[in-house]
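K.L.:
The structure's right below; bear with me while I get my questions together.
None of the figures in this text is laboratory data; all of them are computed from the coordinates on show. For clarity, every value in this text was computed on a predicted model and none was experimentally measured. As a convention, Cβ positions derive from the backbone with ideal geometry for all residues, glycine included, and neighbour counts pool all protein chains shown.
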Amino acid sequence: MRKVQLVAVFWTLFIAVPLTALALSFAAYLTENLGMILARITEFSLATTIASRGWASELGERWPEITGMIVGQLVIMSILFFAWRAGQTEKQPNK
């Protein structure tokens, strides 16, 4: 029983220590370079949209279409689910 606890602690530390160091270094990098990162994202957004309006305004105009597509997919998935359930109950013999 002690060996299991020792192995669990070892693997936890073996995974946790490097990932903690990675998270700390990423947080430090992000803190130092956040302004530059946001400027690059803004430049990319303006360069890749029609009339340089940016992705936020493009998505703001398109959200009803996106919402409609998501709702439509949910309706189709629910119809398929209920049809599948009905098919499963028909296959079961009566008791």
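K.L.:
Checking the conditions here, which among Thr31, Thr42 is loosely packed, with under 10 Cβ neighbours inside 10 Å and either within 24 Å of the chain's Cα centre (by Cα) or part of a loop (DSSP other than H, G, I, E, B) (or both)?
P.N.:
Thr31
K.L.:
Moving on. When you scan region 81-92, do you find a residue that is without any contact (Cβ under 8 Å) to a residue 40 or more places away in the chain, exposed (fewer than 10 other Cβ atoms within 10 Å of the Cβ) and not in a helix (DSSP H, G or I), even just one?
P.N.:
yes
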